[in-house]
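K.L.:
Would you mind keeping the following structure in view while I ask a few things?
The values are calculated or read from the model by the stated rules, or taken from the named source; none is laboratory data. The shown structure was predicted, so the numbers you read here are calculated from the model rather than taken from an experiment. Neighbour counts are summed over all protein chains in view; Cβ atoms, including those assigned to glycine, are modelled from backbone coordinates with ideal geometry. Heads up: the accessible areas ignore ligands, DNA and RNA and are worked out on the full protein's heavy atoms, side chains in. Shrake-Rupley method; radii C 1.70, N 1.55, O 1.52, S 1.80 Å.
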Amino acid sequence: MISDIYATEERAKAADFITYSKVFDGVLVAKGNPKKIDGINLSMCGSAAAENTGFVEVPLVQALVPQCKTAGKPEPTMQLYDNNAKLHPGHSRGPRRHLRQRRQHSGSGGEGQSRQAGEGARGDHSLFGLVIAVPKDKPEFRDAVMAALIEIQKAGIHKELLKKWELDPNNFKEPDILSVK
């Protein structure tokens with residue numbers, strides 16, 4: 001599978017991941033950023049976040065709860081949504097609609113996502129890898145895909161594609177394998 005999923009150790013229990021590109025994930029904030037949120041960090045203390053169940057931002061926001069308490073600040077709250085389609089600004093429900101209506105102060109705002117709901121990705125980004133998932137019982141296939149990616153990068157094609165599609169050149173990453181037994 002080649003997709004815009006994130007490689008995590010938990011997910012690597014089910015498949016091997018070849019990470020080939022960085023993804024910078026951030027926070028979409030209400031227009032004018034009245035809460036002065038600058039990332040998934042202590043600036044979100046006391047704010048309401050809108051996320052989709054299963055997104056990598058969920059545990060990042062949850063991890064802020066004890067950090068905010070230690071800092072003497074109110075903990076963030078989170079509204080979870082059940083599917084990615086509801087993130088689309090044209091849908092009647094979901095994080096972006098609630099952000100437009102200012103019920104939430106922040107929501108996921110990674111690269112390439114629509115920013116019609118607010119100000120766009122901001123500040124202190126968390127880093128995850130974009131991956132190709134390979135069944136654990138296919139190590140030869142995994143190694144062949146890895147070798148092909150290395151050749152593509154050696155030839156400069158990866159960087160050319162980043163430029164062509166106007167993606168941040170900092171997304172470039174030498175491929176590696178995440179595998180958990």
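K.L.:
Sorted by average packing, counted as other Cβ atoms within 10 angstrom per residue and highest first, what order do 8-21, 68-81 take? Kindly include the intermediate steps, with their values, before the conclusion.
P.N.:
Values: 8-21: 17.6, 68-81: 14.9.
Final packing ranking: 8-21, 68-81.
K.L.:
Figure the gain on full extension for residue 80 and residue 140 (residue separation times 0.36 nm, minus the Cα-Cα span) and round it to one decimal in nm.
P.N.:
Taking 0.36 nm per residue and subtracting the Cα distance, the gain is 17.7 nm.
K.L.:
Could you pull the accessible area for residue 2 with a 1.4 Å probe, rounded to 10 Å²?
P.N.:
Counting only protein heavy atoms, residue 2 exposes about 120 Å² to solvent.
K.L.:
A further question on this structure: Pull up all non-local amide H partners of residue 130: gap of 5 or more, or a different chain, and H-to-H distance under 5 Å with H placed in the peptide plane.
P.N.:
20, 21, 22, 23
K.L.:
Take the solvent-accessible surface of the protein heavy atoms, probe 1.4 Å, and return the percent of it on segment 1-57 that carbon and sulfur atoms account for.
P.N.:
In segment 1-57, the share of accessible area belonging to carbon and sulfur is 56 percent.
K.L.:
Quick one: which of 31/164; 22/154; 36/69; 22/159; 13/69; 36/73 span more than 22 angstrom between C-alpha atoms? Before the final figure, lay out the partial values.
P.N.:
Details: 31/164 30 Å; 22/154 17 Å; 36/69 19 Å; 22/159 12 Å; 13/69 32 Å; 36/73 15 Å.
Checking Cα-Cα distances, 31/164; 13/69 exceed 22 Å.
K.L.:
Search the structure for amide H atoms under 5 Å from the amide H of residue 52, placed 1.01 Å from N in the peptide plane, and list their residues when 5 or more places away or on another chain.
P.N.:
81
K.L.:
For residue 176, what is the net charge nearby, where nearby means another residue's Cβ is under 12 Å from its Cβ and Lys, Arg count +1, Asp, Glu -1?
P.N.:
+1
K.L.:
May I pose another question? Would you mind counting up the charge near residue 62? Only other residues with Cβ under 12 Å from its Cβ, with Lys and Arg at +1 and Asp and Glu at -1.
P.N.:
Charge balance near residue 62 sits at -3.
K.L.:
Right, next: Under 12 Å from the 7 Å Cα→Cβ point of residue 168, by amide nitrogen: which residues of segment 1-24?
P.N.:
The answer is 22-24.
K.L.:
Also: Could you work out how much longer the chain between residue 35 and residue 161 gets when fully extended? Use 0.36 nm per residue separation minus the Cα distance between them, nm to one decimal.
P.N.:
Taking residue 35 through residue 161 to full extension adds about 41.7 nm, to one decimal.
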